[in-house]
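Here the structure is laid out as structure tokens; the discussion comes afterwards.
The values are calculated or read from the model by the stated rules, or taken from the named source; none is laboratory data. These numbers were taken from a predicted model, which means no experiment stands behind them. Cβ coordinates were reconstructed from backbone atoms using ideal geometry, including for glycine residues, and neighbour counts include every protein chain displayed. Note: areas computed on protein heavy atoms with side chains; ligands, DNA, RNA excluded. Shrake-Rupley method; radii C 1.70, N 1.55, O 1.52, S 1.80 Å.
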Amino acid sequence: MNAELDLGLERRIGKRSAAVIEKHLGLTTVGGLLNYFPRRYLSRGELTPISEVPLDEEVTLIARVISSSTRQMRARRGSLTDVVISDDAGTSSGPGRASGAHPGTLKVSFFNGFRAKAELQPGRRAMFSGKVTRYGGSLGLTNPDFLLLDEDPDTPGMDPEKLAAMPIPVYPATAKLTSWSIHKVISTLLDTADLEALGDPLPAEIAAREKFLPVADAYRLIHSPETPADWQRARDRFRYQEALVLQSALARRRAQLAAEEATARRPAPDGLLPAFDRQLPFTLTAGQAAVGKTLSEELAQDSPMNRLLQGEVGSGKTIVALRAMLQVVDAGGQAALLAPTEVLAAQHYESIRRTLGPLARDGLLGGFGSDAVQVTLLTGSMPTAARKQAMLDAASGTAGIVIGTHALLSENVSFYDLGLIVVDEQHRFGVEQRDALRAKASKPPHLLVMTATPIPRTVAMTVFGDLETSVLDELPAGRAPISTHVVGLSEHPAWAGRIWSRSREEIDAGHQVYVVCPKIGADDDGDFTPGEAAPPDADLEGENGSRELASVTGVVEHLRDEPALAGVPVAPLHGRQDPVLKSGTMASFTANETKLLVSTTVIEVGVDVHNATLMVILDADRFGISQLHQLRGRVGRGGLPGTCLLVTALEPGHPSRRRLDAVAATTDGFELSQEDLKLRREGDILGASQSGGRSTLKLLRVLEHEDVISRARQDAQRIVAADPSLSGQPRLAAAIDEYLNPEKEAFLERG
Ligand code: ADP
Ligand code: MG
């Protein structure tokens with residue numbers, strides 16, 4: 001609690017202003033408005049480049065008036081004042097251009113704009129706000145408003161040079177409330193609020209070490225800076241504060257989870273795990289062995305393991321998880337493996353049973369015994385009888401390892417003694433789902449989360465910040481490299497046919513081929529996995545809008561008449577098929593009966609068929625970078641070199657084609673995920689489940705501020721370790737509560 005921050009705004013800025021702020025910005029407290037930071041700053045002395053102003057957004061810009069004219073309206077009473085404003089960039093490019101269509105000019109129209117007519121004389125500089133829209137060839141500003149800059153009453157008698165350098169804060173504004181009105185209200189608040197009483201959420205030693213501004217000064221300078229250095233210093237402080245609050249919330253959650261009591265699952269010297277290790281046909285990589293040791297030790301503790309395992313595609317995460325599951329089974333517990341799709345759950349079920357060999361038994365053989373473990377599949381689409389049996393086996397403890405999809409999360413699924421949950425391949429599971437699964441056990445179970453592709457460190461620290469992280473960064477020995485090529489049909493139309501003869505060569509050599517399409521049929525949207533963002537510019541491509549995208553049914557049809565593939569067994573696979581058909585198709589492909597599989601991204605994650613060597617991705621520009629990296633990871637798995645063809649009809653140099661070039665240029669998943677995330681919006685990175693918190697980040701950018709985030713994480717870890725309840729840091733504790741629960745402001749009693 002902080003009395004000043006939680007104080008109702010009307011106590012500091014009056015009823016009327018408080019009502020306006022609440023109506024337009026939804027803020028009701030002193031803290032809420034003080035923390036409404038400028039989005040950026042304009043330089044008072046410089047005009048804003050109009051070409052850089054985003055379309056269809058409320059903007060604030062500084063421009064010079066070029067011309068002004070007023071006419072009576074014909075259709076209704078009143079006059080219209082048209083003002084052309086400029087950033088001075090286009091106007092010097094000479095005469096002869098249509099007026100209003102200069103680059104760097106905007107037309108602003110005011111209905112009955114008496115003030116505009118009087119004040120916006122040619123040559124005047126003013127700040128304008130409104131929404132930038134395009135009419136025909138020229139740009140206009142709708143719902144415009146303005147503030148003359150030359151005789152700004154805020155700054156009487158200021159040295160002109162200093163004045164020109166003075167930054168003007170730009171707030172996220174609305175159509176009804178301009179940035180400068182917001183600034184005015186905040187200026188009043190800065191004068192009336194008791195800033196000295198705010199106290200500092202940052203521990204004093206950190207503020208001293210980082211030479212941060214005192215809180216009161218920082219609030220003044222972020223809202224009313226005199227120089228760019230002022231707001232930069234203030235912003236650095238609040239950014240760090242944001243990182244520390246976030247990381248302390250996560251550190252506290254980690255500490256709370258670790259303080260829970262779990263059942264220790266110690267290794268058994270004569271159990272299934274040692275037997276499994278003896279029969280493994282390969283040796284573990286150094287990374288697998290090291291991570292395996294960590295997991296084994298953590299499982300043997302009586303506090304729950306909460307670990308993220310991230311690794312390159314094909315680095316062998318499944319074996320690591322399976323070995324952990326066996327240790328739990330050896331100790332008398334059950335393990336659950338949660339997969340994102342039915343195809344992947346079924347594939348895991350098959351391959352884990354195959355890998356276990358005689359150490360696995362299915363339900364029918366019956367009987368308890370420590371010489372084998374029952375592996376059970378449980379998915380939503382299973383026939384009722386089989387599903388009921390699987391649920392019974394989970395509840396009775398007959399099933400040692402239960403593999404399934406989201407269905408495992410449903411209420412009527414229960415376990416006899418759930419000791420370990422493995423969440424495979426997903427950045428799609430948020431904190432809530434992790435908690436839902438944890439609730440399946442009477443005591444908190446151990447938890448292992450595995451990502452599909454590597455993710456940047458700072459993303460791991462925020463999105464999965466409540467988990468400890470392990471990384472598998474090497475691929476098993478003998479892994480053949482995958483070579484990736486961009487096949488540009490716009491320059492080489494003939495290559496379209498070459499793709500199929502290349503496929504035939506692969507099949508004649510005894511291997512298999514995947515063909516991936518963005519759509520299922522001629523008129524649908526494909527298999528979009530929930531939570532997976534489409535590539536950022538997927539809908540903006542005129543080129544593709546007019547052209548038919550490759551679809552599974554269309555390609556299968558086409559291949560029937562393709563001479564190069566005559567007699568080759570081809571099968572379609574997509575998410576809308578009957579589950580029995582799907583698993584039949586997968587089984588036939590795994591058995592090397594189907595030679596060429598035409599599918600959607602259902603095969604994106606985890607599918608593991610060693611004999612497949614060629615991956616053809618049609619209209620590859622429709623997929624995101626991580627998706628493409630995942631997809632190509634399906635080939636080159638069995639020691640046979642893999643090839644991936646990224647087929648596109650886009651012109652070279654098109655932004656979406658550069659994404660393909662990036663994928664072709666490297667097989668380093670960390671590098672690619674960094675690249676991928678740069679193209680996405682922060683919100684997509686963090687997702688709805690953002691690190692257990694409910695609010696959005698203000699000043700912190702997960703990819704840009706790695707240094708800030710890791711320093712804050714270390715500090716947070718230290719602070720929470722020394723003082724788990726944060727009783728010595730009440731201001732920090734309050735800031736964490738505010739971060740986790742921003743809605744609380746709405747419920748506070750006012751006045
Ligand atoms: P991912 O990390 O992408 O989930 P998988 O667990 O599917 O990778 O492993 C890919 C393939 O590598 C599997 O066929 C697996 O059996 C094999 N594999 C795993 N570990 C090793 C190893 N140490 N040596 C050789 N092959 C391995
Ligand atoms: Mg996997």
Gyration tensor (alpha-carbon) shape descriptor, region 238-391, a/c threshold 1.5 = prolate
Accessible area of S442, 1.4 Å probe, to the nearest 10 Å²?
-> 130 Å²
To the nearest 10 square angstrom, what accessible area does F282 show with a 1.4 Å probe?
-> 100 Å²
Describe numerically, in nm with one decimal, the distance between label points set 7 Å from Cα along Cα→Cβ at T666 and at K117.
-> 6.1 nm
Among E297, E342, what's the order by accessible area (1.4 angstrom probe), most exposed first?
-> E297, E342
Going toward the positive end of the dipole of the chain, with +1 on Lys and Arg Cβ and -1 on Asp and Glu Cβ, which of S179, V602, P563 do you reach last?
-> S179
Where in region 194-219 is the amide nitrogen less than 19 Å from a point lying 7 Å along the Cα-to-Cβ axis of Q714?
-> 202-212
Nearest 10 degrees, 0 to 90: helix 495-508 Cα axis against the chain principal axis = 20 degrees
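Counting only DSSP beta bridges with both residues in region 45-151, what percent are antiparallel, rounded to the nearest 5? List each step's numbers first, then the result.
Values: 31 of 33 bridges.
Taking every DSSP beta bridge with both residues in region 45-151, the antiparallel ones total about 95 percent.
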FRET efficiency, 1/(1 + (r/R0)^6) with R0 35 Å, evaluated for Q72 and S43 via beta carbons | 0.35
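When DSSP beta bridges are limited to those with both residues in the chain, what percentage is antiparallel, rounded to the nearest 5? The partial results should precede the final answer.
Values: 36 of 91 bridges.
In the chain, approximately 40 percent of DSSP beta bridges are antiparallel ones.
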Give the angle, between 0 and 90 degrees and rounded to the nearest 10, that separates the Cα long axis of helix 228-259 from the longest principal axis of the Cα atoms of the chain.
-> 30 degrees
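Among the listed pairs K107/K131; K388/K440; K15/K184; K317/K595; K176/K698, which are separated by more than 20 Å between their Cα atoms?
Working: K107/K131 12 Å; K388/K440 18 Å; K15/K184 15 Å; K317/K595 27 Å; K176/K698 23 Å.
Long pairs (Cα-Cα over 20 Å): K317/K595; K176/K698.
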Relative contact order, percent, of the chain when contacts are C-alpha pairs under 8 Å separated by at least 6 residues?
-> 13 percent
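Kindly provide the helix-only [θ] at 222 nm of the chain, computed as the sum of -39,500 (n - 2.57) over DSSP H runs of four or more divided by all residues, to the nearest 500 deg cm²/dmol? Please report the intermediate quantities before stating the final value.
Working: 28 runs with 283 residues, N = 751.
It lands at -11000 deg cm²/dmol.
Please list E548, E704, E260 from largest to smallest accessible area, probe radius 1.4 Å, with all protein chains kept in place.
Details: E548 110, E704 135, E260 70 Å².
The most accessible residue leads, giving E704, E548, E260.
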Please give the residues of region 191-206, grouped as numeric ranges, whose backbone N is less than 12 Å from a label point set 7 Å along the Cα-to-Cβ vector of R11.
-> 193-194
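Please state the shape class of the chain: rounded when a/c is under 1.5, otherwise prolate if a/b exceeds b/c and oblate if not, all from the C-alpha gyration tensor. Each step should come with its number before you reach the end.
On the way: a/c = 2.61, a/b = 1.47, b/c = 1.78.
Verdict is oblate for the chain.
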Rounded to the nearest 10 degrees, the helix 15-25 long axis (Cα) sits at an angle to the longest Cα principal axis of the chain of 40 degrees
Give me the distance in nm between label points sitting 7 Å out from Cα along the Cα-to-Cβ direction at H610 and A439, one decimal.
-> 4.3 nm
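By the gyration tensor of its Cα atoms, with a ≥ b ≥ c the square roots of the eigenvalues, what is the shape of region 45-151: rounded for a/c under 1.5, prolate for a/b over b/c, or oblate?
Working: a/c = 1.39, a/b = 1.26, b/c = 1.10.
Rounded shape, in that the Cα axes give a/c under 1.5.
Using a 1.4 Å probe over the heavy atoms of the protein chains, calculate the carbon and sulfur portion of the accessible area of the chain as a whole percent.
Working: 17380 of 33120 Å².
Ligands and nucleic acids excluded, carbon and sulfur give 52 percent.
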Over the heavy atoms of T666, what accessible area does a 1.4 Å probe trace out, to the nearest 10 Å²?
-> 20 Å²
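Report the charge-dipole magnitude of the chain in Debye, nearest 20, computed about the Cα centre from +1 at each Lys and Arg Cβ and -1 at each Asp and Glu Cβ. Could the numbers behind the result be given before it?
Numbers: 81 positive and 96 negative charges, 233 e Å.
Dipole magnitude for the chain comes out near 1120 debye.
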Rough spin-label spacing in nm, given labels placed 7 Å along Cα→Cβ, for D508 and N35 | 6.8 nm
Identify the residues of region 379-421 with backbone N under 18 Å of a label point that sits 7 angstrom from the Cα of L581 along the Cα-to-Cβ direction, or state none.
-> 381-383
Find how much the distance from D217 to S483 grows on full extension, using 0.36 nm per residue of separation minus their present alpha carbon separation; answer in nm with one decimal.
-> 90.1 nm
Hey, how many Å between the Cα centroid of region 249-266 and the Cα centroid of region 43-92?
-> 59 Å
When ligands, DNA and RNA are left out and all protein chains stay put, how many square angstrom of accessible area per residue does the chain have with a 1.4 Å probe?
-> 44 Å²
At the level of C-alpha centres, the distance separating region 475-495 and region 615-661, in angstrom, is 7 Å
